[in-house]
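Below you'll find the structure, written out as structure tokens, and then a few comments.
The values are calculated or read from the model by the stated rules, or taken from the named source; none is laboratory data. What you see is a predicted model; the values in this text were computed from it and never measured. Because the Cβ atoms are built from the backbone with ideal geometry, glycine has one as well, and the counts that use them run over all protein chains shown.
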């Protein structure tokens, strides 16, 4: 994982819907498989960004540079 956490949160990313409801969005960023995990909000942050299966950032507000694409679906899993 060569990209810094802040860089992930600041870059333009198109997220696709994912089949796994615990990880509802997926993207490939710089060749790395990225997933968004939904957490037990409000006890935890709303989202966690996972890069190649490693949790790298917890956050509550969806970054303005990230787009949730409609109609496209990945068939990925956090389990690898």
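Worth a mention:
- Checked against (1) at negative phi; (2) at pLDDT below 95; (3) assigned to a loop (DSSP other than H, G, I, E, B); (4) surrounded by fewer than 17 Cβ atoms within 10 Å (Cβ to Cβ), residue 76 passes all but condition (4).
- Selection from the range 19-35 of residues that are over 20 Å from residue 64 (Cα atoms) and assigned to a strand (DSSP E or B): 32, 33
- Scope the range 36-56; condition assigned to a strand (DSSP E or B) and either touching a residue at least 40 places away in the same chain (Cβ under 8 Å) or surrounded by 14 or more Cβ atoms within 10 Å (Cβ to Cβ) (or both); matching residues: 36, 37, 38, 47, 48, 49, 50, 51, 54, 56
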